[in-house]
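Every number here is computed from the coordinates shown, using simple stated rules; none is lab data. Please read these numbers as outputs of a predicted model, since none were measured by experiment. Reconstructed Cβ throughout: ideal geometry from the backbone, glycine too, with neighbour counts over all protein chains shown.
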Amino acid sequence: MNKTTFFGASCIGLIVLLFSGCGNSNSEIVRLIAERDSLRAETANQADRLNGYEQTISLLNGTLDSIAYEEKMIFVNTGDLEMPVTKDVVRQNLERFEAILNRQKDQIRQLEAKLKVANDSTDNSLRLISHLKDQISAKDIQISQLKKEIEKRNVDIARLQEQVESQQYTINSQSVTIDELSKRNQKQTEALAKQDAILNNGYVLIGTKSDLQRKGVLKKGHLVADAILDRSKFWQIDMRTWREVTFTAKKPRIITNMPSSSYEITTSGDKNFTLHIINPSDFWKLSSYLVIQTD
């Protein structure tokens, strides 16, 4: 999402409008419309990918939190916190920890397979999954070693607890990495939202012929390019949600190139008219600008 992309997204609607108003070739208009639609599709695609990436990060964060929590509970007597931690308690906690790791392995395998089927194999998600699989493998080894240690006759549980606590650093550092990636993903999502807004911005101006001429938008019945570039003259709307506008007029006329089948203008009398957009995609297909002359 570089500056060129944003500039192109914001200007294509204007260029299409000007070509339409000046009698330029239909092929050029079709090319510009295709370019605008391609930008919209690309933005939607990127939004979907970022949303999937955010879900992956959320799942991996939950997995890391679960591992960290269960690791701390190895040397805790959950049945009675006041009772000392015995070999049996540690053994039971290790078995629970192992069962949770196995469930998480299944989840990760399913997620990895889903990403590969979706052709996201180059995504950062797979790199994060790989790191997490390494962490879980390390925990498998740790559980196996602790099981052997706990069966020794004169095992020092306090020493084993210190050993486990010193190994928790790797999980903590991985959590920091995922948190940083989540923040980066959030920034990309915000940037995409801005681009999406630009692609779906519409510009509306309603006035008499003299009003439009005074603002420099209309000259000899044609739209003026330099005036159109000054968007402060227009009312900005969101083409995705904007459906109608009511205004006062003697004889309303849309002077921008909107297909007549995509809208209707009704009146309640007393010179009050309402423009109803019936088919938004067709209505805004050729131009992001709407100019209505009221006389």
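For the pair ILE278 and THR189, label points projected 7 Å from Cα toward Cβ lie 3.9 nm apart.
Distance between the 7 Å Cα→Cβ label points at LYS251 and LYS215: 2.2 nm. Compared with the alpha-carbon gap, the fully stretched path from VAL76 to GLU98 is longer by 6.3 nm at 0.36 nm per residue.
The slack in the chain from ASP65 to GLU42, taken as 0.36 nm per residue of separation less the alpha-carbon distance, amounts to 4.8 nm.
Calculate, in nm to one decimal, what GLN110 and LYS133 gain on full extension: separation in residues at 0.36 nm each, minus their alpha carbon distance. Present the calculation step by step, with values, prior to reporting the outcome.
Working: separation 23, 0.36 × 23 = 8.28 nm, distance 1.27 nm.
Full extension from GLN110 to LYS133 adds 7.0 nm.
Can you flag which of LYS251/LYS285; LYS87/LYS114; LYS219/LYS285; LYS116/LYS285; LYS105/LYS147 are past 31 Å Cα-Cα?
Details: LYS251/LYS285 25 Å; LYS87/LYS114 41 Å; LYS219/LYS285 24 Å; LYS116/LYS285 36 Å; LYS105/LYS147 20 Å.
Those over the limit are LYS87/LYS114; LYS116/LYS285.
The simple Förster model, with R0 at 45 Å and r as the Cβ-Cβ distance, assigns ARG243 and SER58 a FRET efficiency of 0.80. Across the range 230-285, Cα pairs under 8 Å and at least six residues apart give a relative contact order of 38 percent.
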